[in-house]
Amino acid sequence: MVVVMQERATGEQVERVIAQLVEMGFDIHRSTGALRTVIGAVGRTSADPRLIELLDGVHEVLRITEPYKLASRTFKPENTVITVGDVRIGGDEVIVMAGPCSAESAEQVEAAAAAVKRAGAKVLRGGAYKPRSSPYSFQGLGEEGLQLLRGAADRHNLKLISEVMESGQISTIERYADILQVGARNMQNYTLLRDLGKSRLPVMLKRGISATIEEWLLSAEYILAGGNMNVMLCERGIRTFESYTRNTLDISAIPVVQHLSHLPIIVDPSHGTGRRDKVASMARAAVAAGADGLIIEVHCDPDHAMSDGAQSMYPAQFDRVMAELRIIAPAIGRSICLEPVARRGWSR
C-alpha cells in the first residue's frame, strides 16, 4: 500500500506511521517530495488500510494493485530523475550515451570517447566483460578495459556506463563506472538483481529479448526492493518473427512504460535493429516518442570492430543524428546537448 501524508504532517507523525507499518510486517520505502511525504509499504502481509488512515497526519491510503509495487506510478506519481554528477537522467534533457560495444585498445577507446563527446554525448558506453552467444567470440578485456574506459571518460568529461554480467563483478566495475548496465540476457538473473539492489550506483536494466513489459518491471522491482531506487529501464528490441533486423525495436514500450512507471526509459536503437543504416531512424523515433535517453554504439572503424561492428555508427553518422535530434527534441518540450558539433562530413 501507499500512505500519503498530509502536507503539514510532522516528522513525529511520519515516524509513528512507519513504526505501525513495520509492526504490521511491511518493508518501508519512504519518498519525501516538495509538499508531501509518501510511504510505500511492501510485503506479503495483508492489512486493513483503515488502521493506517486513522493515524494522525495521514491524508490517504492507496492500495497498489500492480504486481510491481515500487516501480509503479501509484507508489510514486512523479517521474524519477537520476542524478549522476551534473547529468540528470529523466529530466527535461534527453541524455545520450554512446561509444563502442567493447573496449579493444587504448587508441580505439580514446578515439571513440573524443568523437562522441564532440557530438554531444554525456555518457561513454563501453563493455569490459562481454556476454557473447559464442564461447569463441571476443569476451572483453576485463579490468584492463575498465581502466581504459575510465581514463578516456575522465579526459573528456564523460560519465561511464558498463555492463555487469555476474555478482562477482559488481565491486570491480563499481570502482570505475558511474552507471551499471544489466544486459538483456540477465534481465531475470534474480541473484544479480538482488545484489544490485545493494549497490550505490544507478542501474540501467535492459529488457529481455522475449520479456513482456510486466516481467521487465518486475525485474526492476528486485533492484528497487533491495534499496537502490536509481533504476532506469532500457528498451533494446525484442525477438519477433521478423528476421530482416536483428531485433524488433518496440517504440510503443516508451509511452506504455511511462504510463505504468515513474522510472526513466532509455532506448537502444543499435541492438534494436542490428544495422547501422537503421539506427538513426529509430533514434529519431525514440526521441519523438518521449524517450528519456538513448544509448548508441559508435566506433571509429566499425568494419574491424571485435564485436557488433555492423550496428556501430561511424562518428560522422553519429554527428548527423545528434544534429537531427536537436531539431526533434524541442518539438516535444525536451532539449538535447547544445554543445557545438564538430562536423567531419556526413558522407557515410
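For the reader, a short list of remarks on this structure follows.
- Output for region 197-250, where each listed residue is of a type in the set (A, V, I, L, M, F, W, C), out of contact with any strand residue (DSSP E or B) (no Cβ under 8 Å at 6 or more places or on another chain) and in contact (Cβ under 8 Å) with a residue 24 or more places away in the chain: I213, L218
- Here the condition is being surrounded by fewer than 17 Cβ atoms within 10 Å (Cβ to Cβ) and assigned by TED's automatic domain parsing to the domain that holds M97; of S270, S252, it holds for S252 alone.
- Of all residues assigned to region 123-132, at least one qualifies as being touching a residue at least 60 places away in the same chain (Cβ under 8 Å), more than 19 Å from R150 (Cα to Cα) and assigned by TED's automatic domain parsing to the domain that holds S167.
- Inter-residue pairs, beta-carbon under 9 Å, first in the same structural domain as Y129 (by TED's automatic domain parsing) and β-branched (V, I, T) and in region 148-177, second part of a loop (DSSP other than H, G, I, E, B) and surrounded by fewer than 17 Cβ atoms within 10 Å (Cβ to Cβ), 6+ apart: I170/K198; T172/G142
- Candidate set: region 3-27, residues that are part of a strand (DSSP E or B) and at pLDDT 90 or above; chosen: the one farthest from R73 (Cα to Cα): M5
- Pairs where the first residue, in region 67-80, is at pLDDT 90 or above and the second is of a type in the set (S, T, N, Q) and part of a loop (DSSP other than H, G, I, E, B), C-beta under 9 Å, 6+ apart: S72/T65; T80/N230
- Residue check, M322 more than 14 Å from R275 (Cβ to Cβ) and at pLDDT below 95: no
- Restricting region 28-76 to residues that are charged (D, E, K, R) and part of a strand (DSSP E or B), the residue that is nearest to E7 (Cα to Cα): E60
- The single residue among R236, R275, R246 that is more than 19 Å from E93 (Cα to Cα), surrounded by fewer than 18 Cβ atoms within 10 Å (Cβ to Cβ) and assigned by TED's automatic domain parsing to the domain that holds A310 turns out to be R275.
- Meets criteria (touching a residue at least 60 places away in the same chain (Cβ under 8 Å) and not small (G, A, S)) for P49: no
- Members of region 172-188 that are of a type in the set (S, T, N, Q) and either within 29 Å of R118 (Cα to Cα) or part of a helix (DSSP H, G or I) (or both): T172, Q181, N186
- V256 meets the conditions (1) within 25 Å of D178 (Cα to Cα); (2) assigned to a helix (DSSP H, G or I); (3) in contact with a helix residue (DSSP H, G or I) (Cβ under 9 Å, 6 or more places away or on another chain); (4) not hydroxyl-bearing (S, T, Y) in every case but one. The failed one is (1).
- Only one of the numbered conditions (1) in contact with a helix residue (DSSP H, G or I) (Cβ under 6 Å, 6 or more places away or on another chain); (2) of a type outside the set (V, I, T); (3) buried (at least 17 other Cβ atoms within 10 Å of the Cβ) is violated by R320, and that is (1).
- Members of region 81-109 found to be more than 30 Å from T37 (Cβ to Cβ), in contact (Cβ under 8 Å) with a residue 40 or more places away in the chain and among the charged types (D, E, K, R), listed by number: E104
- Within region 40-59, one or more residues are among the aliphatic types (A, V, I, L, M), over 20 Å from V257 (Cα atoms), buried (at least 16 other Cβ atoms within 10 Å of the Cβ) and under 25 Å from the mean Cα position of the chain (by Cα).
The values are calculated or read from the model by the stated rules, or taken from the named source; none is laboratory data. This structure is a prediction, so every number in the text was calculated from the model and none was measured. Here the Cβ is made from the backbone with ideal geometry for all residues, glycine too, and neighbour counts use every protein chain on show.
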